[in-house]
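Read-outs throughout are calculated quantities, based only on the coordinates presented, and are distinct from any laboratory measurement. If you're wondering where the values come from, they're calculated on a predicted model, not measured in any experiment. Cβ placement follows ideal geometry from the backbone for every residue including glycine, while neighbour counts extend to all protein chains displayed.
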C-alpha cells in the first residue's frame with residue numbers, strides 16, 4: 001500500500017465520518033448553499049464590478065473582488081436560511097435515517113474528491129511517479145473519472 005492509497009482511505013473515511021456526524025439534511029443544504037452562492041456570484045460579479053470602479057483601478061481585480069464579496073454574502077445568507085430549514089425538517093424519528101444517508105452522502109463526496117485529485121494528478125504527470133504507480137486504489141476510480149469527464153467542457157475533458 002502506497003502513500004497515495006493511505007491518502008485515498010483518509011479522504012473517503014474522513015468524508016464518511018463527517019457525513020455520518022452531520023447527517024444528510026445538513027450535508028444536502030450545505031452543498032446546496034455552496035452551489036447557489038457560486039451561481040449567484042458567477043452570475044452577478046460582472047454587474048457588481050461596475051460599482052467598484054472608483055475603488056479598484058484594475059478591471060480584472062474588480063471582477064474578482066465582486067465575485068468574492070457576492071459569494072461570501074450569498075453563502076452567509078443561504079447558510080442562515082438552510083439552518084432554519086434544517087430545524088424544520090429535523091424529526092427525532094428520522095435521526096438514524098438522516099445519519100445513515102449522511103454517511104452515504106459522505107462516501108460519495110469522498111469518492112468525487114479523490115477522483116478530482118486523481119484527475120489533477122494525471123494532469124500534473126503524477127502517473128509517472130513510482131509512488132503513484134504502486135497505488136492499489138487509483139485504478140478503481142476510473143469509472144468515476146470517466147463520469148466526471150462527461151460533465152466537463154470538451155476542451156477541458158481532453159486535458160484530464
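Distance between the C-alpha centres of segment 136-155 and segment 78-132: 17 Å, rounded to the whole angstrom. Note on the chain: GNM, Cα springs under 10 Å; of 55, 100, 140, the largest mean-square fluctuation is that of 55. Rg over Rh for segment 1-66 works out to 1.27, using Cα positions for both radii and the Kirkwood form for Rh. Between residue 94 and residue 117, the modelled labels are 3.2 nm apart [label points 7 Å from Cα along Cα→Cβ]. What the Cβ-Cβ distance of residue 18 and residue 125 gives, at R0 = 35 Å and to the nearest 0.05, is a FRET efficiency of 0.70.
Calculated from the structure at hand, log10 I(q)/I(0) by the Debye sum over Cα atoms at q = 0.10, 0.15 Å⁻¹ is found among (i) -0.37, -0.88; (ii) -0.55, -1.00; (iii) -0.44, -0.93 as (ii).
Each of 149, 26 was scored by other Cβ atoms within 10 Å of its Cβ. Listed from fewest to most, they are 149, 26.
Can you figure out the FRET efficiency of residue 104 with residue 77, using R₀ = 30 Å and their beta-carbon distance, to the nearest 0.05? Working from the Cβ atoms, E equals 0.60. By definition, a body whose alpha carbon gyration tensor gives a ≥ b ≥ c is oblate when a/c is 1.5 or more and a/b is not larger than b/c, and segment 66-134 fits this oblate description.
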